[in-house]
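Reading through the structure tokens given below for one structure.
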């Protein structure tokens, strides 16, 4: 297992450390529900330095990105970021990612930790145009400062007006005494905030100053378990659960990042799928009775026949109800459709709902 530059810091803070995507990562500190509420109501900081970062540069950088990604990166201007995915040749997804336009002919791709090597090899295999590729994953750290008080709590650490950075925009500037830090108004929680990219040898100083600046606002370190419950309340897909090499972006509800204004890997087949309509869809559901849906549980119809499977599920700390995502045939995918989740011997009633769960 690899460590992030902050692994020893997490241990000193009493975090429970678990292996995740090849790294020793903090799963929780004081408990999932308490950490979840901290982010929803005030501000928390996550170490997500296990994520991968690739720099794509040169006159053919955009050509390569347009070929591998489903969204239209030509719409990006310097200082803007874009959520996208990389389709494979078989109708599935290699990974989902965020693309940052750093400057003309220079883009930062942020990919999932478990897919760093796979993604690198995939992109390299498509690079017939000769774009310059650099894997920065081992050199950079990433902190996510999330919650409604993030702007107010962090403003003292930078000369830039944090409230002026719009959603999915970023700046490169000073933060916590470090120059040339990426401050990005992105996140995976639905409660606002920033993601901070800095070098490994800088992140301990940044982490300490973030906790110091946020002390009066109740900031706390947050583990990966609360990150998962927060993202699920928003209905954000998790690679390996809700999307993978076998799920198409169309059936996963990612048609909004799949733009057929350009050609990309497997675009013709995905366009045909969108026009025809997918055979199955990723749905969001809420349990009508007590119970906790878990990944891998069967989704069944009124006659007890298995019609799908839960891909993500939890007891929502904000709602106090069991919620989840899963794939079902399109006929069962309409909002307000009635389904059941097989939890051990019980078929627990559930209703298909519109995302996000948490509003």
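The values are calculated or read from the model by the stated rules, or taken from the named source; none is laboratory data. Nothing here was measured: the structure is a model prediction, and the numbers come from that model. Every residue, glycine among them, receives a Cβ derived from its backbone with ideal geometry; neighbour counts consider all protein chains shown.
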_Lone unmet requirement of (1) surrounded by fewer than 22 Cβ atoms within 10 Å (Cβ to Cβ); (2) assigned by TED's automatic domain parsing to the domain that holds residue 224; (3) not in a strand (DSSP E or B) for residue 35_ = (1)
*With respect to residue 28, is the statement that it is surrounded by fewer than 24 Cβ atoms within 10 Å (Cβ to Cβ) and under 24 Å from residue 213 (Cβ atoms) true?*
yes
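When you scan the stretch 203-221, do you find a residue that is closer than 23 Å to residue 74 by Cβ and either touching a strand residue (DSSP E or B) at 6+ places or on another chain (Cβ under 6 Å) or at pLDDT 95 or above (or both), even just one?
Pass one, the stretch 203-221, residues closer than 23 Å to residue 74 by Cβ: none.
Checking the stretch 203-221: not a single residue is closer than 23 Å to residue 74 by Cβ and either touching a strand residue (DSSP E or B) at 6+ places or on another chain (Cβ under 6 Å) or at pLDDT 95 or above (or both).
Here is a check on your reading of the model: is residue 78 touching a strand residue (DSSP E or B) at 6+ places or on another chain (Cβ under 8 Å) and either assigned to a loop (DSSP other than H, G, I, E, B) or in the same structural domain as residue 145 (by TED's automatic domain parsing) (or both)?
Taking the combined requirement at face value, the residue satisfies it.
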*Criterion violated by residue 239 - all others in (1) within 13 Å of residue 43 (Cβ to Cβ); (2) outside the structural domain of residue 31 (by TED's automatic domain parsing) satisfied*: (1)
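Among the candidates 96, 119, 105, single out the residue that is closer than 26 Å to residue 185 by Cβ, touching a residue at least 40 places away in the same chain (Cβ under 8 Å) and in contact with a helix residue (DSSP H, G or I) (Cβ under 7 Å, 6 or more places away or on another chain). So that I can check it myself, show each step before the final result.
On the way: 96 fails: in contact with a helix residue (DSSP H, G or I) (Cβ under 7 Å, 6 or more places away or on another chain); 119 fails: in contact with a helix residue (DSSP H, G or I) (Cβ under 7 Å, 6 or more places away or on another chain).
Just one listed residue meets the conditions, 105.
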*Look through 17, 65, 102, 78 and report the one residue that is over 18 Å from the mean Cα position of the chain (by Cα) and buried (at least 23 other Cβ atoms within 10 Å of the Cβ).*
65
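Being in contact with a helix residue (DSSP H, G or I) (Cβ under 9 Å, 6 or more places away or on another chain), without any contact (Cβ under 8 Å) to a residue 24 or more places away in the chain and surrounded by fewer than 17 Cβ atoms within 10 Å (Cβ to Cβ) is the filter here, so list the residues in the stretch 172-193 that pass it. It would help to see each step written out before you state the result.
Step one: filter the stretch 172-193 for residues in contact with a helix residue (DSSP H, G or I) (Cβ under 9 Å, 6 or more places away or on another chain), giving 174-178, 181, 183, 185, 187-193.
Next cut, without any contact (Cβ under 8 Å) to a residue 24 or more places away in the chain only: 174, 185.
Correct list: 174 only.
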*Selection from the stretch 41-60 of residues that are surrounded by 22 or more Cβ atoms within 10 Å (Cβ to Cβ) and more than 24 Å from residue 205 (Cα to Cα)*: 56
*Qualifying position, being surrounded by 16 or more Cβ atoms within 10 Å (Cβ to Cβ) and assigned to a helix (DSSP H, G or I), among 123, 145*: 123
*Determine which single condition residue 346 fails, assuming it passes every other condition in (1) buried (at least 21 other Cβ atoms within 10 Å of the Cβ); (2) over 19 Å from the mean Cα position of the chain (by Cα).*
(1)
*Out of the stretch 331-359, which residues are in contact with a helix residue (DSSP H, G or I) (Cβ under 9 Å, 6 or more places away or on another chain) and assigned to a loop (DSSP other than H, G, I, E, B)?*
337, 355, 356, 357, 358
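Residues that are closer than 27 Å to residue 10 by Cβ: list the strands (runs of 3 or more DSSP E) wholly contained in the stretch 219-330 that include at least 1 such residues. Walk me through it before giving the result.
Details: elements: 280-287, 298-300, 306-315, 322-329.
Filter on the stretch 219-330 gives 306-315.
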*If you go through the stretch 199-212 one residue at a time, do you hit one that is without any contact (Cβ under 8 Å) to a residue 40 or more places away in the chain, surrounded by 15 or more Cβ atoms within 10 Å (Cβ to Cβ), within 16 Å of residue 5 (Cβ to Cβ) and outside the structural domain of residue 65 (by TED's automatic domain parsing)?*
no
*Kindly indicate the residue of the stretch 324-343 that is buried (at least 17 other Cβ atoms within 10 Å of the Cβ) and farther than 17 Å from residue 302 by Cβ and also farthest from the chain's Cα centre (by Cα) among those meeting that condition.*
327
*So which residues in the stretch 1-17 are out of contact with any helix residue (DSSP H, G or I) (no Cβ under 7 Å at 6 or more places or on another chain), more than 20 Å from residue 137 (Cα to Cα) and either part of a strand (DSSP E or B) or outside the structural domain of residue 225 (by TED's automatic domain parsing) (or both)?*
16
